[in-house]
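Structure incoming, see below.
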Amino acid sequence: MFKYLRPKEQSYAFLRDVNHPEKNRYGKSIETVPEDSPLRGQSLNINGDSRVGDNPNRYKQHGFYFTADNCISCHACEAACSEKNDLPPHQAFRAVGYVEGGSYPAYTRMNISMACNHCDNPVCLKGCPTRAYTKFAEYGAVLQDPDICFGCGYCTWVCPYNAPQLDHTKGSVSKCNMCVDRLEIGLKPACVSACLAGALDFGIMETTPENRDGLETRIPGFPTTDITHPNIRFQQKKPLPEKMTRTDSMPLAYKKTAEGDYKPEVMEETVSGQQAKKGWNIKKLSTRENPLVIFTLISQAVIGAFILLFLGPLLGLETLSPEKNPLAWPMFLFGLIGIQTLALVLSTMHLGKPHRFYRAFNNLRYSPVSREVAGIAVFYNFLGAFTLLTGLPQLFTWLPQDILGLLVGFTGWGAVVSGIAAIYFMHRIYRIPARPFWNHWQVLTSFYGNMLALGPLLLTLVYAAVQIANGESWTQVAPFMASIIFVGLVMEAIGLYAHQNDLIRQGGEGAAAHFEQTTTFGYTYLMRNYGLASAIVLTLFMMGMSLGDVAALVLWAASAIVIVLTAITGRALFYALVMPTTMPGAFFWRNKKFQEHARETGLAKMPQVGVLPEIH
């Protein structure tokens, strides 16, 4: 129901009606819509109530104000938010983390309370494939509908502030809604009203709340505002040490610059002061993104294999023509359809609500996820049509031959072009400023490199087995295929080399992820690198050596094992290592190490710990 004021509502809980500048610091109007806009006067339909709030500042951008000097880390804001939104223990729309520095007796801790910042440029809204997000004219609130969400979690990737929360038990995302029901009757959000120390406030943007004068957009541990233009302002005036460290598991510290800012840098010691050790940690390669590891690699292999199968006869590779191998041709095509179908099914298993997969097409205008899904779907359909037309031509004898030829060419070239485009869209998903480890052109060289390496490998091994079974030689296509594989492997090696150098040079979360790569996963990382180098050398042998059919097949099979294992390890590292530019957690709360400990020891079975025993 629409909320009513309590008889004895405290004065500090009411919003203030104050003068404000015309625009905010990002150049955007504080007025969310013009006074004559038809968007004004509409109901938010809170809990089905069609009444319209009478707040005079309803169409002005609001946001949070946080005074770090006042925060005592009592977590009252968290508790109030969780109570109002009836959240389970493992979920919180607002969280209090901290950074600390100095040495005894002058040890300093700075707390940070953070929720959704209802940004001017909400990347969650643009990234969501289901269009579950809306930037409302009312208060400038960014609201999300969990019923529309199908649980892909992409908004949790792109948000720099860890605001959207994926509930693995419900299979959907939800987040802070700015307490718009309270705003409609002139009250501040529940978290602000509950703050004991006056650290948290709320109001029209670029107005200074009572008892403070700071309107900064920077504070140690807070990501850059360039990504989303968040509607939060800080005040922090107490002196801090030159270096502030996190107590969660991210190997990051924040060092003071000459300008007074705090920039993130890699912290090569653990919280206990011990030097990080190199290890394998194979178990930690398994993440929630395991279905995406398989989906991306299979899709790239299938696209690469089809492109070479289709273009091979046009390039003079007679062995790959349907006339030369009338049985292998349709079998291979139907095999591609089969494994691509498996990959698509696996990709839906990554969703919290797999049965809602069709909603992925809802945001083609903005979401790279929608574009990738559309690209793969178009390729899949072209591949299916081409397979039927060429693999089962007897079904189309009623068509004139010239029309049939046109359809074969159209579907074949359509699959080639859409497959290449699909991989490009696939790579765009990971170009996320909030995840610097991914936000590099190496993703493109890796995805296309795998297409060029895995596709020819799959095609050659299948056709080699068929040719040998038929008592025919297959090695005439081997040097050409090996050269394509070589190009793909070298492309990936160049990208990886540039990637590590750029991460180290840029510092921050990307460099921290690379540090984890060389320590926590150090031996696994070296194994991947040696595997890639070995594959390149083996491919050179495959390009130049003259071997018998069986001996060559053995060499190709050995190379395939090395290439495939290297690709799987590299892709698993890709997902396991990424570190977001998120706010610091605490020693227990939002701390990956503690979550791992809780699951290993059984603490996670206690709901009050706030850690799910298992995650999807």
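The values are calculated or read from the model by the stated rules, or taken from the named source; none is laboratory data. No experiment lies behind these values; they were computed from the predicted model shown. Ideal geometry is used to build each Cβ from the backbone, glycine not excepted, and the neighbour counts take in all protein chains shown.
Counting only residues that are among the charged types (D, E, K, R) and part of a loop (DSSP other than H, G, I, E, B), how many does the range 214-233 have?
Residues that pass the stated criteria total 2.
Looking at the range 307-316, is at least one residue modelled with pLDDT of 90 or more and under 27 Å from the mean Cα position of the chain (by Cα)?
no
In the range 138-162, which residues are among the β-branched types (Val, Ile, Thr) and farther than 19 Å from residue 63 by Cβ?
Within the range 138-162, 148, 156, 158 meet the criteria.
Can you tell me how many residues within the range 123-153 are at negative phi and either more than 16 Å from the chain's Cα centre (by Cα) or in the same structural domain as residue 361 (by TED's automatic domain parsing) (or both)?
15
Further, regarding this structure: Just a yes or no: is a residue in the range 573-580 over 14 Å from the mean Cα position of the chain (by Cα) and crowded, with 22+ Cβ neighbours inside 10 Å?
no
Right, here's the next one. Taking the condition of being in a loop (DSSP other than H, G, I, E, B) and either farther than 16 Å from residue 60 by Cβ or among the basic types (Lys, Arg) (or both), how many residues in the range 186-213 meet it?
10
Ok, one more. Scan the range 304-328 for residues that are on the phi < 0 side of the Ramachandran plot, out of contact with any Pro (no Cβ under 7 Å at 6 or more places or on another chain) and in a loop (DSSP other than H, G, I, E, B) and jot them down.
312, 317, 322, 323, 324, 325, 326, 327
Pick from 584, 613: which is crowded, with 16+ Cβ neighbours inside 10 Å and not in a helix (DSSP H, G or I)?
Answer to the check: 584.
Now for a separate question. Give 92, 80 a once-over and let me know the one that is closer than 30 Å to residue 171 by Cα and not in a loop (DSSP other than H, G, I, E, B).
Exactly one of 92, 80 is closer than 30 Å to residue 171 by Cα and not in a loop (DSSP other than H, G, I, E, B), namely 80.
Within the range 19-28, does at least one residue satisfy the condition of being charged (D, E, K, R), in a helix (DSSP H, G or I) and at pLDDT below 95?
Taking every residue of the range 19-28 in turn, none turns out to be charged (D, E, K, R), in a helix (DSSP H, G or I) and at pLDDT below 95.
Which one is surrounded by the fewest Cβ atoms within 10 Å (Cβ to Cβ), of the residues in the range 374-405 that are closer than 18 Å to residue 424 by Cα and of a type in the set (Val, Ile, Thr)?
378
So which residues in the range 468-484 are at pLDDT below 85 and more than 16 Å from residue 305 (Cβ to Cβ)? Spell out how you get there, then give the answer.
Narrowing the range 468-484 to residues at pLDDT below 85: 468-478.
Correct list: 468, 469, 470, 471, 472, 473, 475, 476.
Could you tell me whether the range 379-399 includes any residue that is touching a Ser or Thr at 6+ places or on another chain (Cβ under 7 Å), part of a helix (DSSP H, G or I), closer than 30 Å to residue 250 by Cβ and at pLDDT 95 or above?
Taking every residue of the range 379-399 in turn, none turns out to be touching a Ser or Thr at 6+ places or on another chain (Cβ under 7 Å), part of a helix (DSSP H, G or I), closer than 30 Å to residue 250 by Cβ and at pLDDT 95 or above.
Moving to a separate point now. Please tell me if residue 60 is touching a strand residue (DSSP E or B) at 6+ places or on another chain (Cβ under 8 Å), assigned by TED's automatic domain parsing to the domain that holds residue 203, surrounded by fewer than 17 Cβ atoms within 10 Å (Cβ to Cβ) and modelled with pLDDT of 85 or more.
When the stated conditions are applied, residue 60 does not pass them.
Condition check ((1) touching a Leu at 6+ places or on another chain (Cβ under 7 Å); (2) among the β-branched types (Val, Ile, Thr)) across all residues:
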{"residue": "401", "(1), (2)": "no, no"}
{"residue": "407", "(1), (2)": "yes, no"}
{"residue": "440", "(1), (2)": "no, no"}
{"residue": "472", "(1), (2)": "no, no"}
{"residue": "485", "(1), (2)": "yes, yes"}
{"residue": "490", "(1), (2)": "no, yes"}
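Can you name the number of the only condition in (1) closer than 28 Å to residue 228 by Cα; (2) without any contact (Cβ under 8 Å) to a residue 40 or more places away in the chain that residue 105 fails?
Here residue 105 meets the rest and fails (1).
Additional query: Only one of these is free of Cβ contacts under 8 Å to residues at least 40 places away in the same chain, under 32 Å from the mean Cα position of the chain (by Cα) and closer than 26 Å to residue 13 by Cβ: 216, 206. Name it. Full working, then the answer.
On the way: 206 fails: free of Cβ contacts under 8 Å to residues at least 40 places away in the same chain.
So the residue among 216, 206 that is free of Cβ contacts under 8 Å to residues at least 40 places away in the same chain, under 32 Å from the mean Cα position of the chain (by Cα) and closer than 26 Å to residue 13 by Cβ is 216.
Here's a follow-up. Given 366, 380, 358, which one is among the aromatic types (Phe, Trp, Tyr) and closer than 22 Å to residue 462 by Cβ?
380
Only one of 225, 207 is closer than 28 Å to residue 516 by Cα, in the same structural domain as residue 110 (by TED's automatic domain parsing) and out of contact with any Asp or Glu (no Cβ under 6 Å at 6 or more places or on another chain). Can you tell me which?
225
Looking at the range 464-572, what helices (runs of 4 or more DSSP H) fall wholly within it and have at least 2 residues that are surrounded by fewer than 15 Cβ atoms within 10 Å (Cβ to Cβ) and in contact (Cβ under 8 Å) with a residue 40 or more places away in the chain?
On the way: elements: 478-506, 508-518, 522-544.
Here the list reads 478-506, 522-544.
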